[in-house]
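This report concerns only the one structure given below.
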Amino acid sequence: MLGKLDLSAFIHGPIETVAQLSVVFGVVVVVGLLSYYKAWGWLWREYLTSLDAKKIGIMYIALSFVMLARGAVDAFMMRTQQAIEVGANSGFLSPDHYAQVFTAHGVIMIFFVAMPFMFGLINLIVPLQIGAKDVAYPFLNSMSFWLTVVGAVLINLSLVVGEFAATGWLAYPPLSELQFSPGVGVDYYIWALQIAGVGTLISGINFLVTITTMRLKDMSWMKMPIFVWTVFGAMILVIFAFPILTGTLGLLSLDRIAGFHFFTTDLGGSAMMYVNLIWAWGHPEVYILILPAFGIFSEIVPTFSQKRLFGYTSMVVATLAIVFLSFIVWVHHFFTMGAGADVNAFFGIMTMAIAIPTGVKVFNWLFTMFRGRILFKTPMLWFMGFLTTFVLGGATGVLLAVPGADFQLHNSLFLVAHFHNMIIGGVLFGFFAGFVYWFPKIFGFMLNERLGVYAFWCWIVGFVLAFIPLYILGLMGMTRRLYEVSPQFHPLLVVAGVGAAVIALGMFFQVLQLVVSIWQRKENPAGDNPWNGTHLEWQTSSPPPFDPERSNDGVMVGILAGLFGFAMIWQIWWLAVIGLVGVLAVLIARSFQHHEHS
Amino acid sequence: MNTHNNNTTFGFWVYLMSDCVLFAALFATYAVLQTQTFGGPGASELFDLNFVLTETLILLTSSFTVGLATIFSLEHKKRATLVALATTFILGLSFVGMEVFEFTHLIAEGSGPSANAFLSSFFVLVGTHGAHVTAGLIWMFVVMLHVMRGSVGNKLYTLSLFWHFLDIVWIFIFTFVYLFGALAL
Amino acid sequence: MTIKNYIIGFVSSLAITSVAFGLMFKHLASGHVWPAHDAMVPILVVLALLQLIVQLVCFLHLNKAEVRNWLTFGFALFIVVVVVGGTLWIMNNLQQSHAESDHDHVTPQTLDD
């Protein structure tokens, strides 16, 4: 009746129980507060069922902040474990729990922090920048958001019921096969990503069509703001990369549920095929995240340098070059798997080639700043932080693109430091910059500048402390995901732990900044154009007019898809059928109503 | 067609192109794993070309009839549209039925999807196509209701795009899976 | 979008399909002699591509589609070629290298290590 689900799924070890109870506690507090302030109706009408892209954007960003807190707690647990694990002290986490923590950290940060943060900013700004009232398919937009929420809910649910994958963030087989991961952890992983992935794909199509067909009449392609261009590029990548993820995870789940042999160790399965396929999606995914961040900086740098962007055409060409090249570099994630020199050399060279358009962008920003009257407001500070860390990450990336060097550094902390350079220093700093930059437009009041500056300095200092030691440790030979560490690595791990604490302080300042700014919102009105931006979004009021259009169907689809996902994880087949048929029924019923929006 | 309809068609076209990549991943998987029979029978021993030819002709004809349906619908011939759609539906259903028959037959012979990697990849590639056809049938049923109510809009046109697309995918399945399989490559 | 288009598309698709299957039956009936095995592969590929073009033009009306549909189609084609071609190249290469390194394992030199 309930598949694999029974009471034992709720019983965990002591540390896991703390996590379990904090999730339950968090939900109870939120529900309690909403009920106490009688805010349910308001929330339902104004946000949850809204079809307005800006409202959906705000919800995306709220989701990503919640998940950022969760992912950061995972990071702090890992840093603490490695910092205190010395001599007789084996740390505070069990090995299996530690493996779940680093898996959850990676999955959450990529799929449920970076992706929703990106889609949040896109929803907020792209329609405004191209002068469109909304996106091409407002209902699908709402549905995409709710499917993303379902993924995030499933991941957090794994803390309460059952467990999460202990396989690393890409769940390589054969470890992720049923034989070696018999629990439901990998199934949580698969279905959270599958459901959120469908939402992402639909969003990708939605924004591609929006940008292609809904621009103001006189905004030709070469008059689009660079942010719109980079989003356009990222959406192309979403559309053509995410089906590969869906397919690959589908094959893995067939292996696990139905005893197929795609990636198993026996009967002809090939685990290497999984690695190949998942990175054919995985590399474009990296550029899906970074391209919009490039676009954000291309908005911020001219505004705060008080000049026009240098080299608009080259920015566009570079963006499109990245879109093409990002599909032909994926082997650099597995040089060590043993392909011949020709394959490795080709993909190594392509990887180095992709640094060229990226370099073009960096130089364009620098030339934009050159002889500008630069205002060092928080968005610009984030850009300066990005520039330094991202160029360092890019340089180490080109280093890793050399197969010979990669053989030495593969799976070491050097790699971990490299991609955190790209994803924190590149993606996250970019999105923070965009958040600070566009916040006044969406909410109509300014964010507290002083606290923003504090937050920035904590982040950048913490980042250097936390990740530069990892480069050194990697070169010393320390591999990633280690539970027990040899003593000579210990001092630098303590430094990295301190760095994590400084980042935590930065996050505290960000929360404080939000609270204080909301508190003092009357004193700090934004006006329509607080930064003297030149693009269309600054021509409208702050906050811009919201569209009252709403629909309950998005939430309905989300709930039913969530039931379906949960049922698939626990193999409760009747519930899975109900969920799937329910989703279909909602969509079919919708087609019979008269709509202005599809 | 107004702009809104054009948007829908373009968005659907983009979805189809994205679906191409899903099939590309499955074709690639099949291509890599097709030799991994692990001692079991290979494609040349398992598949019956006459059967596949029949399936192909059925699907091809259905692609033609769905095209007729869109034309009749543009000419506002409600009855003819419904007849063409019903024909398409029956053809599609027969195709799925044949595929189910083939699958159950293979499983009964002990050549089910969990027998080896070759069969896993065969079942998933062909089965994914079959699942798309099945989804298309459900959708076709809904579109027929819309035709009866006179609220079809461009729903029939997007459905026909989907159906033609599935026919094109099938060209590559019968070529690379069945015909190449019979060549015993 | 006329009925003529669909009839042309349908008839030529039927023709191409029958040629492909017909040649295949000939090939099998002759005991893999005529048409020769090596000739069958390019023939089948060309016929499949031909039928693809016929259906794209006659059924999906790509010749009259807007530029943006063409561009998405072109990019999809690029990705399909990259994913399928790249995967085959990489995986075959891996299998060869692994076969070679398996061979290395039995040499006494590695065993001494």
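The values are calculated or read from the model by the stated rules, or taken from the named source; none is laboratory data. Quick caveat: nothing in here was measured; it's all calculated off a predicted structure. Counting neighbours? That spans all protein chains shown, and the Cβs are built from the backbone with ideal geometry, glycine included. Please note that ligands, DNA and RNA were not included when accessible areas were found on the heavy atoms of the full protein model with its side chains. Shrake-Rupley method; radii C 1.70, N 1.55, O 1.52, S 1.80 Å.
Quick look at the numbers
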item	result
Euclidean distance between Cα centres, the range A:422-474 to the range B:61-96, Å	57
Surface per residue (accessible, 1.4 Å probe) for the protein assembly as shown, Å²	39
Relative contact order for chain A, counting Cα pairs under 8 Å that sit 6 or more residues apart, in percent	19
Rounded to 10°, Cα long-axis angle of helix B:155-173 versus longest principal axis of chain B	20
Estimated vicinal HN-Hα couplings, Hz - the range A:420-432 in sequence order (Karplus 6.51, -1.76, 1.60; Gly, Pro = x)	6, 4, 6, 8, 7, x, x, 5, 5, 4, x, 5, 4
Within chain B, longest stretch free of exposed GluC sites (Glu not before Pro) [DSSP loop, at most 12 other beta carbons within 10 Å]	B:110-185
Stokes-Einstein translational diffusion, the range A:419-507 - Kirkwood Rh over all Cα pairs, 0.692 mPa s, 37 °C, in µm²/s	225
Rounded to the nearest 20 debye, dipole of the protein assembly as shown from Cβ charges on Lys, Arg, Asp, Glu	3280
Within chain A, longest stretch free of exposed trypsin sites (Lys or Arg not before Pro) [DSSP loop, at most 11 other beta carbons within 10 Å]	A:39-216
Förster radius 25 Å - calculated FRET efficiency between A:Arg371 and A:Lys223 (Cβ-Cβ, nearest 0.05)	0.50
Two-site FRET efficiency, C:His98 against B:Ser44, from Cβ-Cβ distance with R₀ of 25 Å, rounded to 0.05	0.40
Share of carbon and sulfur in the accessible heavy-atom surface of the protein assembly as shown [1.4 Å probe, %]	71
Long pairs among C:Lys4/C:Lys26; A:Lys133/A:Lys223; B:Lys78/B:Lys155, criterion Cα-Cα beyond 23 Å	C:Lys4/C:Lys26
Cα-projected label distance for B:Ala80 with A:Ser541, points at 7 Å along beta-carbon direction, nm	5.4
Buried accessible area, chains C and B (both chains, 1.4 Å probe, Å² to nearest 100)	3900
Under the Karplus curve 6.51 cos²θ - 1.76 cosθ + 1.60, θ = phi - 60°, whole-Hz ³J(HN,Hα) for the range A:569-577, x wherever Gly or Pro sits	5, 9, 6, 9, 5, 4, 5, 4, 4
Kirkwood Rh and Cα Rg combined as Rg over Rh, evaluated for chain A	0.94
The range B:79-185: C-alpha gyration tensor shape, a/c 1.5 cut-off, then a/b vs b/c	prolate
Chain C, relative contact order in percent, only Cα pairs under 8 angstrom and at least six apart counted	25
10 Å Cβ neighbours from other chains, averaged over peptide B:46-56	2
Cβ-derived FRET efficiency at R0 30 Å, A:Asp266 paired with B:Leu93, nearest 0.05	0.20
Relative contact order for the range B:34-185, counting Cα pairs under 8 Å that sit 6 or more residues apart, in percent	37
Surface accessible to a 1.4 Å probe, C:Trp89 within the full protein complex, Å²	100
Two-site label geometry, A:Ser314 and C:Ile3: point separation in nm, points 7 Å out along Cα→Cβ	6.0
Longest site-free stretch - chain A; sites: GluC sites (Glu not before Pro), DSSP loop, at most 14 other Cβ within 10 Å	A:1-483
Karplus (6.51, -1.76, 1.60) ³J(HN,Hα), θ = phi - 60°, over the range A:166-175, in Hz, Gly and Pro reported as x	10, 10, x, 5, 10, 6, 4, x, x, 4
Residues with amide H under 5 Å from that of A:Gly269, placed H, sequence gap 5 or more	A:Thr264, B:Ala117
Equivalent-ellipsoid semi-axes of the range B:1-62, from the Cα gyration tensor, Å, largest first	36, 19, 4
Segment A:Ile84-A:Val577, length gained on full extension (0.36 nm per residue, minus Cα span)	172.7 nm
Positive-end residue, the range A:1-59 charge dipole about Cα centroid, Cβ charges, pick of A:Leu21, A:Trp42, A:Met59	A:Trp42
Extension reserve of the A:Leu175-A:Phe592 stretch, reckoned as 0.36 nm per residue once the Cα distance is removed	145.5 nm
Rounded to 10°, Cα long-axis angle of helix C:67-105 versus longest principal axis of chain C	20
Acute angle (nearest 10 degrees) that the helix B:117-149 long axis makes with the longest principal axis of chain B, alpha-carbon atoms	10
Placed amide H near A:Val86: partners under 5 Å, 5+ positions off or other chain	A:Gly91
Computed label-point distance, nm, for sites A:Ser22 and C:Leu77 using a 7 Å Cα→Cβ extension	5.4
